[in-house]
1. Restricting attention to region 182-215, which residues are under 13 Å from ASN274 (Cβ atoms) and in a loop (DSSP other than H, G, I, E, B)?
2. I need a count of the residues in region 216-230 that are buried (at least 22 other Cβ atoms within 10 Å of the Cβ) and either assigned to a loop (DSSP other than H, G, I, E, B) or at pLDDT below 95 (or both).
3. Of the conditions (1) surrounded by fewer than 21 Cβ atoms within 10 Å (Cβ to Cβ); (2) under 22 Å from GLY237 (Cβ atoms); (3) in contact with a strand residue (DSSP E or B) (Cβ under 9 Å, 6 or more places away or on another chain); (4) acidic (Asp, Glu), ASP213 satisfies every one except a single condition; which number is it?
4. In region 256-271, what residues are in a loop (DSSP other than H, G, I, E, B) and over 20 Å from ALA328 (Cα atoms)?
5. Which of (1) on the phi > 0 side of the Ramachandran plot; (2) surrounded by 24 or more Cβ atoms within 10 Å (Cβ to Cβ) does ASN95 not meet, given it meets every other one?
6. Could you list, in sequence order, the residues of region 78-128 that are of a type in the set (Gly, Ala, Ser), modelled with pLDDT under 95 and over 17 Å from the mean Cα position of the chain (by Cα)?
7. For region 267-299, give me each residue that is aromatic (Phe, Trp, Tyr) and crowded, with 24+ Cβ neighbours inside 10 Å.
8. Please give the number of the condition VAL131 fails out of (1) farther than 28 Å from LYS367 by Cα; (2) surrounded by fewer than 19 Cβ atoms within 10 Å (Cβ to Cβ); (3) modelled with pLDDT under 95.
Amino acid sequence: MLFTVKILHIITCLGDGGAEAVLYRLITNDDRSQHSVISLMDAGKYGPLLAEKGIAVHTLNMPRSRVTVSGFLRLMKLIRRIRPDAVQTWMYHANLLGGIAGRLTGQRNIIWGIHHSDLVPGESSRMTILVAQLGAWLSSWAAKKVICCASRSFEVHARLGYDVQRMQVIENGYDLSVFQPDPAAGRRIRQELGLGADQAVIGFVARYDPLKDHETLLGALAHLKRRSSCPVCLLIGTGLDANNVILNRKIAEMGLTEYVHLLGRRSDVPALMNALDLHVMSSYSEAFPNVLAEAMACGTPCVSTNVGDAAVILGSTGRIVPPQEPEALAEAIDKMLAERTGPNWNDRRVAARKHVAEHFSLDSMVKRYRAAWLENSEPEMPHRDF
């Protein structure tokens with residue numbers, strides 16, 4: 001195939017995270033560039049998926065939050081061998097290492113990617129905070145551009161000292177042919193789980209992580225149980241399964257065992273979104289939470305805590321509540337579920353999908369990233385056959 005340019009992506013890991021999902025969507029929907037990927041760690045979830053699409057994936061197998069000399073030297077060797085037209089890095093550690101390695105190997109067209117918003121002492125590791133601060137000090141030297149996935153990320157990192165003149169926001173984009181209304185798929189999921197067609201069902205798609213604050217969601221469910229209006233809740237994601245002893249104990253202690261289904265990591269998230277009446281996000285730190293837009297693209301309204309760009313994603317189609325307030329979250333869930341049998345519920349569902357289509361299209365994201373990669377790099381020279 002003839003490609004205009006070669007783009008090298010350097011990412012901290014390829015696990016089950018939001019930035020990794022955006023990387024996958026971006027490069028599998030850009031057929032005008034030759035993409036390759038370097039993971040500082042292992043192949044994770046997305047490495048094999050990218051390889052299936054014919055995209056070269058290299059792994060450095062560095063330990064989490066540690067840099068090895070051998071891994072860094074291999075990173076430099078790969079950059080020299082690939083000779084990309086642009087280096088796109090993803091997340092703090094990859095920004096720092098990719099920026100330094102890129103500059104040392106003669107690269108100048110290095111674009112950093114920031115996919116965090118607030119850095120929370122005690123929750124964000126000290127190493128992550130330190131690497132983010134180092135990034136601020138080096139951003140003027142190591143990065144030609146700094147792409148933030150959310151307006152909130154831009155604001156936070158500008159205050160942290162990142163070079164504002166190099167920063168821009170490119171919101172995440174979504175494939176509406178994958179995330180779309182599919183009532184039949186939703187019915188299949190409900191049948192699989194033994195849930196009735198008219199039963200109130202909410203869910204949260206997110207890995208088990210302190211920042212996702214599943215405890216606040218459980219607290220909201222406990223409030224609703226005391227009101228005798230507790231819906232079934234599906235918790236979907238890595239670590240949300242029978243092996244999570246701590247979470248299962250909390251669920252039992254709160255008397256929620258019959259209401260909460262732990263489904264673990266699933267590959268059929270669009271079908272699961274269609275099985276929900278409402279998607280509820282209880283996080284207390286996010287940048288641009290993909291799951292909200294994915295649920296909305298399926299026609300599933302959302303309730304979310306007011307973190308990152310959640311309010312921007314929801315627009316007027318859902319409800320926003322303060323983080324770490326179980327009673328406020330319970331109230332919003334209750335009010336939204338009360339609407340589902342009313343005359344305006346379908347209008348809300350349609351509006352949710354329309355909002356995503358109009359503001360967060362995949363095509364727009366791909367075009368804006370390409371513009372960032374190709375600016376001042378003579379992108380329209382005759383095609384080269386690599």
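The values are calculated or read from the model by the stated rules, or taken from the named source; none is laboratory data. It should be emphasised that the depicted structure is a prediction, and the values quoted were computed from it without experimental measurement. With ideal geometry, Cβ positions are generated from the backbone for all residues, glycine too; neighbour counts draw on all protein chains shown.
1. ASP182, LEU195, ALA197
2. Selection size over region 216-230: 1.
3. (1)
4. Selection gives THR257, GLU258, ARG265, ARG266, SER267, ASP268.
5. Tallying (1) on the phi > 0 side of the Ramachandran plot; (2) surrounded by 24 or more Cβ atoms within 10 Å (Cβ to Cβ), ASN95 fails exactly one: (1).
6. Within region 78-128, GLY122, SER125 qualify.
7. The answer is PHE288, and nothing else.
8. Unmet for VAL131, out of (1) farther than 28 Å from LYS367 by Cα; (2) surrounded by fewer than 19 Cβ atoms within 10 Å (Cβ to Cβ); (3) modelled with pLDDT under 95: (2).
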